[in-house]
1. Please identify the pairs in which a residue from region B:67-85 that is more than 11 Å from B:Tyr175 (Cα to Cα) has its Cβ atom under 6 Å from the Cβ atom of a residue that is of a type in the set (Ser, Thr, Tyr) and crowded, with 22+ Cβ neighbours inside 10 Å, counting only partners at least 6 apart or on another chain.
2. Among (1) within 14 Å of chain A (Cβ to nearest Cβ); (2) of a type in the set (Phe, Trp, Tyr); (3) under 22 Å from B:Leu252 (Cα atoms), where does B:Phe172 come up short?
3. Can you tell me which residue in region A:18-62 is farthest from the chain's Cα centre (by Cα), limited to those that are in a helix (DSSP H, G or I) and more than 12 Å from ligand 2 (Cβ to nearest atom)?
4. Quick check on region A:1-17: of everything there that is open to solvent by 20 Å² or more (accessible area, probe 1.4 Å) and outside any loop (DSSP other than H, G, I, E, B), which residue is farthest from ligand 1 (Cβ to nearest atom)?
5. Based on this model, can you work out whether A:Asn218 counts as more than 23 Å from A:Gly125 (Cβ to Cβ), away from chain B (no Cβ under 14 Å), within 16 Å of ligand 1 (Cβ to nearest atom) and assigned to a loop (DSSP other than H, G, I, E, B)?
6. Starting from region A:38-51, keep only residues that are more than 8 Å from A:Asn209 (Cα to Cα), then list their pairs with residues that are open to solvent by 40 Å² or more (accessible area, probe 1.4 Å) and more than 9 Å from ligand 2 (Cβ to nearest atom) whose Cβ atoms are within a distance under 6 Å, requiring at least 6 positions of separation or different chains.
7. Could you check region A:73-92 and list, in sequence order, the residues that are closer than 22 Å to A:Lys114 by Cα and not in a strand (DSSP E or B)?
8. Which residues, counting only those in region B:140-164, are open to solvent by less than 40 Å² (accessible area, probe 1.4 Å), free of Cβ contacts under 8 Å to residues at least 60 places away in the same chain and more than 7 Å from chain A (Cβ to nearest Cβ)?
Amino acid sequence: MSNLLTIRDLTVSYDTKVVLERANLVVEENDFIGIIGPNGGGKTTLLKAILGLVQPQSGEILFSESMKNKRGDIGYLPQVNKFDSKFPITVFDVIHSGLAMQGKWKMGFFKKDKQRVEAIIDELGIGRFAHRPIGELSGGQMQRTFLGRALISDPRILILDEPDTYVDNQFEGELYRKLRELNQRMAILLVSHDVGTISTYVKCIACVNRELHYHRSNIISPEQLASYNCPIQIITHGSVPHTVLATHNHSH
Amino acid sequence: MLELLQYDFFTNALLAALLSSVSCGIIGTYIVSRRMVFIGGGITHASFGGIGIAYYLGMNPIVGAAVFAVLSALGINYFSQNGNIRQDSSIAIWWSLGMAIGIVFIAITPGYSPNLMSFLFGSILTVTFADLAYMAVLSAILVILFSFFFRVIVMIAFDEEFARARNLPVSFFNYTLMALMALVIVASIRISGVILVLSLLTLPQATANLFTKDFRSIMIASVFIGLIGMLAGLYISYYTDLPSGATIILLLTALFLVGKLFLTAKGFLYRRSGNSF
Ligand SMILES: Nc1ncnc2c1ncn2[C@@H]1O[C@H](COP(=O)(O)OP(=O)(O)OP(=O)(O)O)[C@@H](O)[C@H]1O
Ligand SMILES: [Mg+2]
């Protein structure tokens, strides 16, 4: 298996506050990494550093040869709907905008592009509202739209920041099954607070709380979380196979 | 009506209406979509400082206004990105600072300033050939920019962070459009004055937005709505001697209300006829 991305000794701070300290992480092809950690632990900051949205204070982020387009080969689904829902743009155009990247942004509307947008719309089953303005979508429809934008460029790494907020259980299940399918052809980094659910789907876990601890398994115990200095509650929703969580002596 | 065309001032006014409906239609849609109307207000009033200084120095007021408008636009953008000052506070500071400078310089300028009122309230019937040339260049730049880079401009306006993650030239477009916005505002001051200029950039868009939620359609419709308002305002003000700027704004507001009433009536009839979906 080959590397896509290597994060080495990454330190990020805002003003004087250090948010990430000497974080190391290697993302390989077909990885499915669940990123967990307390609020304010630095999960979003880690993703933003990978995307080039915040400048690290020290350390480096290296893209492998196979990431030819560098950050253009990353699909990104941002945390929560921070978008202006009154902005005059349709679902179709939001998804289409995912094709723009460095060197490829002076885009006219090519026929091929249009077909790619339509293919993604079919794949995600959102044809019913494809030509609606985004202001008329529900939370789940919105998330699907932004997933479409992240996927249309055929990324090698897909980064999702809490895609399960504002979606119902049914869409959540659909989403994770979809991610498992996508994982056949791309690496996935997923931030979620729902450790129970992600444990069902991810392959490894990264605990981020200023430091980053990489856990080469999808099973994690409260003791391990404590040793990683990662104080989070293990919450589970729905029917999660109880074996995924090694909850030693975990009784209420 | 057509005999008016033999007067130069009137053909100038018609051309000004055409050019400014194009530039206001395009940049106004950008401003409204990005919720930058308040920034527009700041730039407009800041430019008054330039008008005042130009009067004092005996220069062309439009040049002074343009310099102040662009500086305040870039200043607002810069401070809200790099400073610790909140954007709306920064806007308010430029807004009143510009007005204060303008008022002080006009007060110390000897003699009476006959054109001052036309900068406060606008007067499309007094545009000069130089004004027209300026508007024509500006409109051409906007049409070209939005034809070639439409998608990337909309993409940045909609989700700047995603555009940054894709390494698109976000800052370049932000600053360029900010500067163009300032220049369009200055051009429009000739038509509707410092006090009324914001409506030229927002009313046609609000009317168009009643009927479509698509950036491109709003942009194109705004150009035509603005043109109708300005042409009608021009004729009415010529024949009735009403101030042209205010007449145009009232007409544009009337168009908006007609659109709103039309939609309300349509919705009402729709429900009455029992069509629920
Ligand atoms: N732009 C910013 N300027 C200053 N501080 C910031 C900024 N963004 C984040 N922070 C701080 O950095 C820390 C880490 O934030 P981050 O958003 O990465 O946390 P997170 O793990 O994603 O949290 P959550 O689970 O709430 O999404 C927080 O303490 C936050 O207050
Ligand atoms: Mg976060």
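1. B:Phe68/B:Ser47; B:Ala69/B:Ser47
2. All conditions are met except number (3).
3. That would be A:Ala49.
4. Only one residue tops the list, namely A:Asn3.
5. no
6. A:Ala49/A:Pro56
7. Of everything in region A:73-92, those that are closer than 22 Å to A:Lys114 by Cα and not in a strand (DSSP E or B) turn out to be A:Asp73, A:Phe87, A:Pro88, A:Ile89, A:Val91, A:Phe92.
8. The answer is B:Leu145, B:Ile156, B:Ala163.
The values are calculated or read from the model by the stated rules, or taken from the named source; none is laboratory data. If you're wondering where the values come from, they're calculated on a predicted model, not measured in any experiment. A quick note on method: Cβ atoms are made from the backbone with ideal geometry, for glycine too, and the neighbour counts reach across all protein chains shown. Note: accessible area is taken over every heavy atom of the protein model, side chains too, but ligands, DNA and RNA are not part of it. Shrake-Rupley method; radii C 1.70, N 1.55, O 1.52, S 1.80 Å.
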